[in-house]
1. For segment 309-317, state whether one or more residues are under 25 Å from residue 284 (Cβ atoms) and of a type in the set (Lys, Arg).
2. Filter segment 253-299 for residues that are hydroxyl-bearing (Ser, Thr, Tyr) and at pLDDT 90 or above; which is surrounded by the fewest Cβ atoms within 10 Å (Cβ to Cβ)?
3. For the condition part of a strand (DSSP E or B), surrounded by 17 or more Cβ atoms within 10 Å (Cβ to Cβ) and over 34 Å from the mean Cα position of the chain (by Cα), what is the one hit in 61, 26?
4. Check 221, 276, 252, 235 and return the single one that is assigned to a helix (DSSP H, G or I) and either in the same structural domain as residue 319 (by TED's automatic domain parsing) or touching a strand residue (DSSP E or B) at 6+ places or on another chain (Cβ under 9 Å) (or both).
5. Can you pull out every residue in segment 156-210 that is of a type in the set (Val, Ile, Thr), in contact with a His (Cβ under 9 Å, 6 or more places away or on another chain) and not in a strand (DSSP E or B)?
6. Residue 146 - would you say it is of a type in the set (Gly, Ala, Ser) and either part of a strand (DSSP E or B) or surrounded by 15 or more Cβ atoms within 10 Å (Cβ to Cβ) (or both)?
7. Quick one: count up the residues across segment 3-14 that are within 18 Å of residue 55 (Cβ to Cβ) and modelled with pLDDT of 95 or more.
8. Hey, could you check segment 171-205 for residues that are exposed (fewer than 13 other Cβ atoms within 10 Å of the Cβ) and among the charged types (D, E, K, R) and say which is nearest to residue 51 (Cα to Cα)?
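The values are calculated or read from the model by the stated rules, or taken from the named source; none is laboratory data. All values derive from a computational prediction rather than experimental measurement. Cβ placement follows ideal geometry from the backbone for every residue including glycine, while neighbour counts extend to all protein chains displayed.
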Amino acid sequence: MTPQMTDRLYYTDPYSRAFDATVLGVASVGGRARVRLDRTCFYPTSGGQPYDTGTLGGPRVVEVLDESDGSISHVVEAGDALQVGAHVRGVIDWTRRFDHMQQHTGQHLLSAAFDRLFGVRTVGFHLGADRSTIDLARETTLTEIAAAEAEANRIVWENRPVAIRFMTAEEAGRLPLRKESLREGTLRLIDIEAFDLSACGGTHVARTGEVGLVAIGGWERFKGGQRVEFLCGRRALGRFRSLRDTTDAAGRILSASTGDLPGAIERLQAETKTLRRTAGLLQTELAHYRAQHLAAEAEPTALGRLVLRAVDGDAIGLKATASAVVARPGYVVVLVSPTTPNLVVVARSQGIDMASDHVVSGLTARFGGKGGGKPDLAQAGGLTGGAEAILDEARRALLGARA
């Protein structure tokens, strides 16, 4: 028996929040019930717009699928109680639905603005849980983006009517559709008065004023064109609140007003560069001072004068100190940070018969971590054996074999 097509109530009344229907079929897939009804207000994932959620006679609807046979499947939790022939009441999550209506209508406005002003076509659309995007056929300039955003909001604030029209594909082909439809049969058109006419099966607001605001949040290159993120209505308000709270917090930290933040950040960056430069010079001086002290206390061995020490510092500091010691002839140096996870640097003077990278490989094989380098200098991080154990193992490796 051929499944009956579902009467899609949202096609003509996207504002309907509840409905009564008859169960036509129930199937279990992946531990969840898929319920087919004779009629529904639930929108299935289609055309870049996500599905509705809500309840169906009590159980929650967690997904809605548009089947190839023209029916709609409602994926519900605990759907075993629903039987074929039963009458059931469905209620959609209106907050989610209206958010989708705002975003989808806003997309039509923004896409039409880019098209009307600059002839830039929209080739893709995605409405996500947190962000929505359109994909443009080419990259646009900052000036064009600002102009399209302003044009879309002009239509929002004029509160123009948004009508739903049905006609054959042949009839629609004679109208100025923004994008040619490849569908046959009866088409559903969304008509934003004197601004945009597009074939679309999604849910939309009745007047543009309900979109509230169309705000472009960012853009990036994408597949030879440009992906533009936008937010409408409640989402735009949420992003504004987030930006407001962030800039207020930054202003308090930097003791600057919102308008003065860029200048304050630039000054902070300049100060940071100066401090880094000064820290680098001081670190170099410290490395040379430490090198003199370590070299003076080096242990004479058959391999060379051996320095095995735990030294406070980061990887750059340990490397600088080791390099300063081995700038002298006849030295082998192993420096380990005193805290776990440990850093280790191994270095040797020119002419010493020892490969630093082999020593580091042996240490990481025993104590974990990762590292590498060259025969004259190698380093590693993430070792977990403790400084004394690492130094003892390094001594055995150096004095027990030659590289």
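1. yes
2. 255
3. Of 61, 26, the one residue that is part of a strand (DSSP E or B), surrounded by 17 or more Cβ atoms within 10 Å (Cβ to Cβ) and over 34 Å from the mean Cα position of the chain (by Cα) is 26.
4. Exactly one of 221, 276, 252, 235 is assigned to a helix (DSSP H, G or I) and either in the same structural domain as residue 319 (by TED's automatic domain parsing) or touching a strand residue (DSSP E or B) at 6+ places or on another chain (Cβ under 9 Å) (or both), namely 235.
5. Result: 203, 205.
6. On the way: of a type in the set (Gly, Ala, Ser): yes; either part of a strand (DSSP E or B) or surrounded by 15 or more Cβ atoms within 10 Å (Cβ to Cβ) (or both): no.
In short, no.
7. 2
8. Ranking the candidates gives 183 first.
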